[in-house]
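Okay, so here's the structure we're looking at.
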4 protein chains.
Amino acid sequence: MKKIAIIGASGYTGGELLRILAGHPGMDVRVITSREHQGKPLGEVFPHLRGYNDLVFEAPDYPVIRGRVDAAFTALPHQASIQAVAELVTSDIPIVDLSADFRFTDADVYAAHYAVHSHPHLLAKSVYGLPEVYRDAIRASRIVGNPGCYPTGAIIGLYPLLSETAVDPAHIIIDAKSGVSGAGRGPSLSTLYTEISEGLHAYKVGSHRHAPEIEERLSDIARTRVGITFTPHLIPMNRGILSTIYTTASRTADPRKIRMIYSDYYEKEPFIRLLPDGVFPDTAWVRGSNFVDIGLFTDPDTRRIIVITAIDNLVKGAAGQAIQNMNLLLDFEETTGITAPPIFP
Amino acid sequence: MKKIAIIGASGYTGGELLRILAGHPGMDVRVITSREHQGKPLGEVFPHLRGYNDLVFEAPDYPVIRGRVDAAFTALPHQASIQAVAELVTSDIPIVDLSADFRFTDADVYAAHYAVHSHPHLLAKSVYGLPEVYRDAIRASRIVGNPGCYPTGAIIGLYPLLSETAVDPAHIIIDAKSGVSGAGRGPSLSTLYTEISEGLHAYKVGSHRHAPEIEERLSDIARTRVGITFTPHLIPMNRGILSTIYTTASRTADPRKIRMIYSDYYEKEPFIRLLPDGVFPDTAWVRGSNFVDIGLFTDPDTRRIIVITAIDNLVKGAAGQAIQNMNLLLDFEETTGITAPPIFP
Amino acid sequence: MKKIAIIGASGYTGGELLRILAGHPGMDVRVITSREHQGKPLGEVFPHLRGYNDLVFEAPDYPVIRGRVDAAFTALPHQASIQAVAELVTSDIPIVDLSADFRFTDADVYAAHYAVHSHPHLLAKSVYGLPEVYRDAIRASRIVGNPGCYPTGAIIGLYPLLSETAVDPAHIIIDAKSGVSGAGRGPSLSTLYTEISEGLHAYKVGSHRHAPEIEERLSDIARTRVGITFTPHLIPMNRGILSTIYTTASRTADPRKIRMIYSDYYEKEPFIRLLPDGVFPDTAWVRGSNFVDIGLFTDPDTRRIIVITAIDNLVKGAAGQAIQNMNLLLDFEETTGITAPPIFP
Amino acid sequence: MKKIAIIGASGYTGGELLRILAGHPGMDVRVITSREHQGKPLGEVFPHLRGYNDLVFEAPDYPVIRGRVDAAFTALPHQASIQAVAELVTSDIPIVDLSADFRFTDADVYAAHYAVHSHPHLLAKSVYGLPEVYRDAIRASRIVGNPGCYPTGAIIGLYPLLSETAVDPAHIIIDAKSGVSGAGRGPSLSTLYTEISEGLHAYKVGSHRHAPEIEERLSDIARTRVGITFTPHLIPMNRGILSTIYTTASRTADPRKIRMIYSDYYEKEPFIRLLPDGVFPDTAWVRGSNFVDIGLFTDPDTRRIIVITAIDNLVKGAAGQAIQNMNLLLDFEETTGITAPPIFP
């Protein structure tokens, strides 16, 4: 049984790590930290987890924590995570970081959209935690930058097409729709029930920080500069991201062949479900699970290929994928503890 | 006071016509029909309207109805509306039809997506009821084909750009998101609360019947063949359509100039609100009203122009626009009875 | 045209006053105040009202405001409203206060549940603004304490039974269910979309401050001490309060007679709709309107009488009722400006 | 590994049995039946379960099914279940029936609210499947009538008080609020998203068929005739039942003693969480789990005791409890396969 710390455990991502790990046969959460809630028992902050264990939130005293655990998830705000990882990594334990701090290869790109990276040498040692693309590198690393929620849906949707240079890399449109849990658990006017319910809007049009993350990864996959237009929307639902991705085939667009590309890449992937012709994913069908559901539409006349992916932003888009990565880091079977079916309705 | 009939008044569109007309100073609803509910008082079918009048649903006996009213809204299913219009128009009263039966200029296009049109000569006499584009023709007509809900948001979003040949007409993407009332009031598994709530999906990808309607109109506006990719999504909310429209500037894309085009076309339009730079519409801000809110984003580097429009699908997308059209047909001030502000939250 | 000020206009209640007054033929809003938002145009704080007028939020400078308006709505937090009313009332303009500050006859009760009342002499001059019960007194007053949202639904539900001493006054149970807008527009963890959606809970069990307000009024109506058990619940919806009220008949319980009592009291009331036998109200049927819908169930065997009332908490439970009161104060027809039908769905 | 049949597997309850059993180490679903969907693979009817197994819906051919399984869940409509149980029980396999057909001890009560019971001798052999009350009898039986969703929340809330004769048994009020999944997966106008969302209403006031079920059980527990007033409400959420139960203490009402009664009865129960003083349950905190959360409020002055319980209607109110019962019937640990934490948000 591996002893686990969750640094920054009081947000929705932390809660989800705790929920899923409650059923993991090889990981045992021993430390949960929260400056705001230190001293409070778990069930007071997350009433749904009342009764699962007797954990109490503590302050993040890294030198002490290092000695008590075999691995750590860090789920702090951007910038704070760098510090946590830097402190914890000295004991050489595997770390999955759920902030943006270890998602970029290029420190300048990180700096342009977040802040100057205080530990760029650690950046160089970290790996982007999307197992479907970077599985082997993840296994060999100690620091994994867990992908953003939007990037997960977008990259998995585009990986086969761009790897096979099947689409024009310069003009990709990603119209993404997210549930509200992606905005976190902080008090806020803009995510009040009354401001969100029964409405729908785009936000950060042309300026969301997940766009450069997606572009850096897709460019790596395509081995050429990929340009995207990324428009996120906020949907009145708790969980889920649907990404409707518009591409143009670089050659002829044969629906059968496009589908075959996806089969080739994904049929052995345990968390990817390629839906049949004419069936398109619904976020409700992946809720609570680590699945990515994919639907395809190819129009030979216009050479338009539409790829639609659905994930649970808190699971495959955050905590579930983090555990998938940690399974790789700790040499567990990759699917351990994250095979529970979606919950519907 | 003009005496009004609503043919097919028991759906959400019929209810919305009744709701809005309850406050219209120049129209008095005298006849409401419904085969299913004939004999029932209004308040039994629409409990929210209990107490507003003593109307009782009746069977659609057109020869009798013709003599009792000065104008009619027809809100029957596609095909049934043609017959109703054909019967009513013999008395030369103005008619606004809310089905798809009079939205097409080309009977072949209608036939390809709906059915063979039984009265094509009436089609030739009808006008597409989007006042912001076809105001004068509407005033001069007797039969108005009220636009579909998706087409309303899409066409108003694209009209200035295409009129000014400012964008490439061949590659327009319309990613549309609709509330559930657009699916009507019939019992159905797919629109049960439990199937819709907390989820999101695209439907009729590449095959929605509003696509040819949009294309026919946009081609007319652009004076050239316009090709669109149209993807509708179903959102867990009652009302509202958000259309996120992706275009590519045909020349350079100067944000200031693009905005000026919209100002020129729309600043005098009573129901269009062009939002300031950096503000994007939310369907919650137009709920219950006849407004179209428009947000613009122009990226000079990629020449990408994103236009986002929000409407209430039951108001500007159906009943409100129908009344706007009827105001024109009956020589009322165009805004009469449809100026109530949106209701939020 | 009466010139109107809304003091504290940036909350949901303020927005609702502005929405409804936009269609009022006799009141013209000239002043809106907000310390937080002073200097901002209306449409920036309430995007749904963009385009309705050119009002700008200003600081509450009462001596100046007094001279600019004929009447005022005060919608400040409890305690702050007292001061506003005290300042404004010196110019003898009619005031409807939407806080709790003028809802109590007994300053000690107010003190026990809110704070020591700084202007008890004004309390003595104020009237409880429930027109269905206190219409004549309201007409004769200058300061109206607009009822709380829960009390409105509860008192209107119980007024006929208690006036007629038809039920045991000592053991009344009010199980109330409210939409989230009742919690206001302040940033807050507990009313985030994610905390509210898809869940349901009771709150302030045995300790909600609307209980003493209800008890004081009901005791006044019943001319004896009335004791209630009041349990509010928070429902995942924006608007609406459903009050399920359990009473025990003091004598025999004849369904027909109980219904007749309600008819006698309410058949002439313009905003009360007594639903037929077997029909029970839904908050969706009163949304956006000033209606109170009432359903009745009487079981002769157990002498249990269940009264269920539905209101829109922001309209009949706040802004609509405030305008109803102001109509009385300014000698308008009581229903002026508040007759728009509910909006459904 | 026990081989399991689910008779009538295409409703929400069937889907939930399949979801939970996917993780059960000792039960293997081999047969799923549905007349409507026979021949379809599981993933077509329940897209969220795509990929979990290769089950195909089949027609309910009981003689054949009997030989293929070790135990059966029957989840057919009332009346149809009797027949299924009668056919299956001949092979002496344990059966948990999720309809109302085996919930009543008294065939006359069943007849009064459902229909004449065609196999009353089987009724006599069945046990009411509420393990917290009837655990030993369940273990010894072959046919378990799984409790209704409302009765589960109500009876668990009242069991300690009535067992201890701590409250007046004649005047108990149960104000219950349910999510929409309780209404099933059939096409229906009244449970459309648009009819349910943003609204709230009571239904079947004074006439819901769960009332006699609750009364029969509570009378058995209290060893005297218990009379309840039961009012169900429909809430715009998928899952969950909150029961707000109003009782009057038969003697003095000491909050500490009342709480101690609950501790005595429930502290060893694995699925009951007694919340601390001042904390009241939310259905969101039990979503997807088999928990019953209980909050208590006792007012010594009025002797009013309020008990609030929250369950997931599809889990503890249906499929989870059925598996709990089946664990008892098959001699598994009672909690096997149903310990996953709630999912929040």
- prompt: Which condition does residue D:4 not pass, out of (1) out of contact with any His (no Cβ under 7 Å at 6 or more places or on another chain); (2) farther than 22 Å from residue D:130 by Cα, if it passes all the others?
  reply: (2)
field: Residue that is farthest from the other protein chains (Cβ to nearest Cβ) [pool: residues in segment B:137-178 that are hydroxyl-bearing (Ser, Thr, Tyr) and buried (at least 24 other Cβ atoms within 10 Å of the Cβ)]
entry: B:152
task: All but one of (1) under 20 Å from the mean Cα position of the chain (by Cα); (2) assigned to a helix (DSSP H, G or I) hold for residue A:176, so report the exception by its number.
output: (2)
message: I need every pair where a residue in segment B:175-189 that is in contact (Cβ under 8 Å) with a residue 60 or more places away in the chain and over 23 Å from residue B:206 (Cβ atoms) has its Cβ under 8 Å from the Cβ of a residue that is aliphatic (A, V, I, L, M) and buried (at least 20 other Cβ atoms within 10 Å of the Cβ), sequence separation at least 6 or different chains.
response: B:181/B:314; B:185/D:192
query: Going through segment C:203-219 one residue at a time, which ones are at pLDDT 95 or above and in a loop (DSSP other than H, G, I, E, B)?
result: C:203, C:204, C:205
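What number of residues within segment C:274-288 satisfy the criterion of being under 19 Å from residue B:22 (Cα atoms) and either over 21 Å from the mean Cα position of the chain (by Cα) or open to solvent by 50 Å² or more (accessible area, probe 1.4 Å) (or both)?
Total meeting the criteria: 0.
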message: Between B:297, B:291, which is within 13 Å of chain A (Cβ to nearest Cβ), open to solvent by 10 Å² or more (accessible area, probe 1.4 Å) and at pLDDT 95 or above?
response: B:297
query: How many residues are farther than 25 Å from residue D:220 by Cα, within 16 Å of the chain's Cα centre (by Cα) and more than 9 Å from chain C (Cβ to nearest Cβ) if we restrict to segment D:179-209?
result: 5
query: Quick one: in segment A:323-345, which of the residues that are buried (at least 24 other Cβ atoms within 10 Å of the Cβ) and of a type in the set (S, T, N, Q) is farthest from the other protein chains (Cβ to nearest Cβ)?
result: A:325
- request: For residue C:232, state whether it is closer than 30 Å to residue D:240 by Cα and either acidic (Asp, Glu) or modelled with pLDDT of 95 or more (or both).
  value: yes
field: Single residue of D:86, D:100, D:111 found to be without any contact (Cβ under 8 Å) to a residue 12 or more places away in the chain and in contact with a His (Cβ under 7 Å, 6 or more places away or on another chain)
entry: D:111
message: Can you name every one of the strands (runs of 3 or more DSSP E) wholly within segment C:1-84 that holds 1 or more residues which are open to solvent by 60 Å² or more (accessible area, probe 1.4 Å) and at pLDDT 95 or above?
response: C:2-7, C:27-32
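Among C:257, C:268, which is of a type in the set (Lys, Arg), within 28 Å of residue B:22 (Cβ to Cβ), outside the structural domain of residue C:98 (by TED's automatic domain parsing) and surrounded by fewer than 23 Cβ atoms within 10 Å (Cβ to Cβ)?
So the residue among C:257, C:268 that is of a type in the set (Lys, Arg), within 28 Å of residue B:22 (Cβ to Cβ), outside the structural domain of residue C:98 (by TED's automatic domain parsing) and surrounded by fewer than 23 Cβ atoms within 10 Å (Cβ to Cβ) is C:268.
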task: Check residue A:229 against each of (1) crowded, with 20+ Cβ neighbours inside 10 Å; (2) touching a helix residue (DSSP H, G or I) at 6+ places or on another chain (Cβ under 7 Å) and name the one condition it does not meet.
output: (2)
Residue satisfying all of: in segment A:300-322; farther than 30 Å from residue A:7 by Cα and among the charged types (D, E, K, R); least open to solvent (accessible area, probe 1.4 Å) among these: A:304
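The values are calculated or read from the model by the stated rules, or taken from the named source; none is laboratory data. Because the structure is predicted, anything quoted here is derived from the model rather than measured. Virtual Cβ from ideal backbone geometry, glycine too; neighbours counted across all protein chains shown. For the accessible areas, the whole protein counts, side chains as well, though only heavy atoms, and no ligand, DNA or RNA atoms are used. Shrake-Rupley method; radii C 1.70, N 1.55, O 1.52, S 1.80 Å.
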